[in-house]
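Colleague: Got a structure for you, questions after.
The values are calculated or read from the model by the stated rules, or taken from the named source; none is laboratory data. All values derive from a computational prediction rather than experimental measurement. Every residue, glycine as well, gets a Cβ built from its backbone with ideal geometry; the counts of neighbours run over all protein chains shown. Accessible surface is based on the protein model in full, side chains and every heavy atom, while ligands, DNA and RNA are left aside. Shrake-Rupley method; radii C 1.70, N 1.55, O 1.52, S 1.80 Å.
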Amino acid sequence: MGSSFSSATKPKIFYPPSPEEILVKKPGGGVGPESLSKLVEEHCPSLKKEFNPPWWLNNGHLQTLFSVAGDFTSVDKVVYERTYLRLMDGGTLGLDFTPPGDTSPDDAPIVVVCHGLTGGSYEAYVRAVLAPACAPVSEGGLGYRAVVVNFRGCAGVPVTSKQLYSAGWTEDLRMATIYLAHKYPKAPQLGLGFSLGANVMVRYLAEEGERSRLESACVLGNPWDLVKNNWALEHTFLGKHIYSKGMANNLVNVLKLHSKALEKVDPPTPSATSKYEPDSTQASLVCAAYHAALALRSPPLSVFDNTFTRVGGGGPPDWPLASADAYYKHSSSHHVVPQVRKPLLAINSTDDPVVVHAPTSPEEVGSGYTVVVLTEGGGHLGWFEPSSGIVLIGTDVSKLHVRRWMTKPTLEWLRLAAEVLVHGHPDHPPRAIFVDEGGWIREVNGARQGLGCRAVEIGDLIDGTELKKEPGMLQGL
């Protein structure tokens, strides 16, 4: 894995040595088993087509930097309707639904999106998939609905507790899927994860197994083994001083944006959520980590994670963790893939300068439900290729005539998951949902008693191309 010159090459597809038999809807009615590898061969033909980068984006660094610096405001227009979820631990999530004012059938599929490190629903890589996925069928789209799960503190979501998020914290995604199942009980949920959000999604699938509320997932640019990838990232000059420090700077800016929530421990006040909120000791640790992180000067990612993420990147019982290395070992997704029990498509690039190590063989994956695809180019969440021509005028994508190769195979996978696969597991259904006396939406017999939410604000319309990243934040990561 590295950032060498890329030319037109076909992706490498790694099928499981023993692909699982997946229950599918048969033509003319009825259901029956089908091999996962055969399903991908038949329904995802774009995975066999060459990725052909333009000459001016012919390596992983250029692809990645264009994703960071390009102007994508004129393409892939998506309008969202935001719902804020207040969680029982006091935190807040921002769910951005599209299309707004949704009049889709009750059983219309929902694409559930987890964004990258400090991103959100505005990210161009998110809109590149959701714009066609949620366009009406009459306009050539799939006609699905979608929701982007904006993590705590991202994309304008307020921080209302002494906790943020991380690659290993799955409870917020879990709570979002519970809320969606409550709101749309007939609609299948299809996962779509990018970078850090991809890692969160794979871990969620592994933890839930057959009971996962996500019927399938497609993950792109997943960092997999956080120990290996962080070491590789920080042992090259560009990796350490451009990418690692750039991502850490984004995280420091997230802390600065939410200083009022993190800078001091609030005095205890009676509230409906107080018994599930972090205790004063944990809150004090997070506040101390916040101040220590702000005192850092241009840290690489590992230093930031050792200072803050290992403390404030999750909640009990796992957080705080002893060190950044302990956080990386705990939060990696490569070692939990064998527990995945839903169809999973993972796409990585061999010249990704951020994710240097990705699975390169079926044996490394170790899951009969998982297909891994490696492209010879594309960088980190780039995959830009020419569309109708190339006109070099600034960095406006509409004038540069580029598109993302990954869009089409992702849409094909989503259609396969939504329209061909049989949803649900007859012997292991998801846990039942109920609303308690306090109005909290919760699971029956959930493993974590403090897992619950309620909608506190609904209805703000957000133009995904106008929802600006915060000052000093790099997009595309």
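Colleague: Which pairs break 26 Å Cα to Cα here: Lys228/Lys260; Lys26/Lys342; Lys26/Lys183; Lys162/Lys183; Lys342/Lys408; Lys264/Lys329?
Modeller: Lys228/Lys260; Lys26/Lys183; Lys162/Lys183; Lys264/Lys329, as the Cα separations exceed 26 Å there.
Colleague: Quick one: with all protein chains in place, what share of the accessible area of the chain is carbon or sulfur, to the nearest percent (1.4 Å probe)?
Modeller: 54 percent
Colleague: Also: Where in the chain lies the longest segment free of trypsin sites (Lys or Arg not before Pro) that are both loop residues by DSSP (not H, G, I, E, B) and have at most 11 other Cβ atoms within 10 Å?
Modeller: With trypsin sites (Lys or Arg not before Pro) excluded where exposed in loops, the chain gives 1-185 as its longest stretch.
Colleague: Separation of segment 222-271 and segment 79-141 by C-alpha centroid, Å?
Modeller: Taking the Cα centre of segment 79-141 as reference, the centre of segment 222-271 is 25 Å away.
Colleague: List the relative contact order of segment 174-236 as a percent without decimals, with contacts defined as Cα pairs under 8 Å and 6+ residues apart.
Modeller: Relative contact order, segment 174-236: 35 percent.
Colleague: Now for a different question. With a probe of 1.4 Å, find how much accessible area the chain has per residue, and write the answer as a whole number in Å².
Modeller: Counting only protein heavy atoms, the per-residue value for the chain is 38 Å².
Colleague: Let me ask something else about it. Using only alpha carbon pairs under 8 Å that are at least six residues apart, calculate the relative contact order of segment 254-383 and give it in whole percent.
Modeller: 17 percent
Colleague: Turning to a different aspect of this structure: Below 13 angstrom from the Cβ of Phe194, what's the summed charge of the other residues (Lys, Arg +1; Asp, Glu -1)?
Modeller: 0
Colleague: Using helices alone, I'd like the mean residue ellipticity at 222 nm for the chain: each DSSP H run of four-plus residues gives -39500 (n - 2.57), total over residue count, nearest 500.
Modeller: Result for the chain, helices only: -7500 deg cm²/dmol.
Colleague: Which is the longest part of the chain that has none of the GluC sites (Glu not before Pro) sitting in a DSSP loop with at most 11 other Cβ atoms within 10 Å?
Modeller: Excluding the exposed sites themselves, the longest stretch runs over 1-436.
Colleague: Continuing with the same structure: For Val111, enumerate residues with amide H under 5 Å from its amide H, sequence gap 5+ or separate chain, H modeled in the peptide plane.
Modeller: Those lying under 5 Å, H to H, from Val111 are Arg145, Ala146, Val147, Leu190.
Colleague: Determine the sum of side-chain charges near Phe304: Lys and Arg each +1, Asp and Glu each -1, restricted to other residues whose C-beta is under 11 angstrom from that of Phe304.
Modeller: +1
Colleague: May I ask you to derive the relative contact order of segment 1-132, considering only C-alpha pairs under 8 Å and at least 6 residues apart, and to give it as an integer percent?
Modeller: Reported relative contact order: 20 percent.
Colleague: May I ask you to list the aspartates and glutamates whose Cα is less than 16 Å away from that of Lys77, ignoring any residue fewer than eight positions away on the same chain?
Modeller: Asp96, Glu123, Glu139, Asp396, Asp463, Glu466
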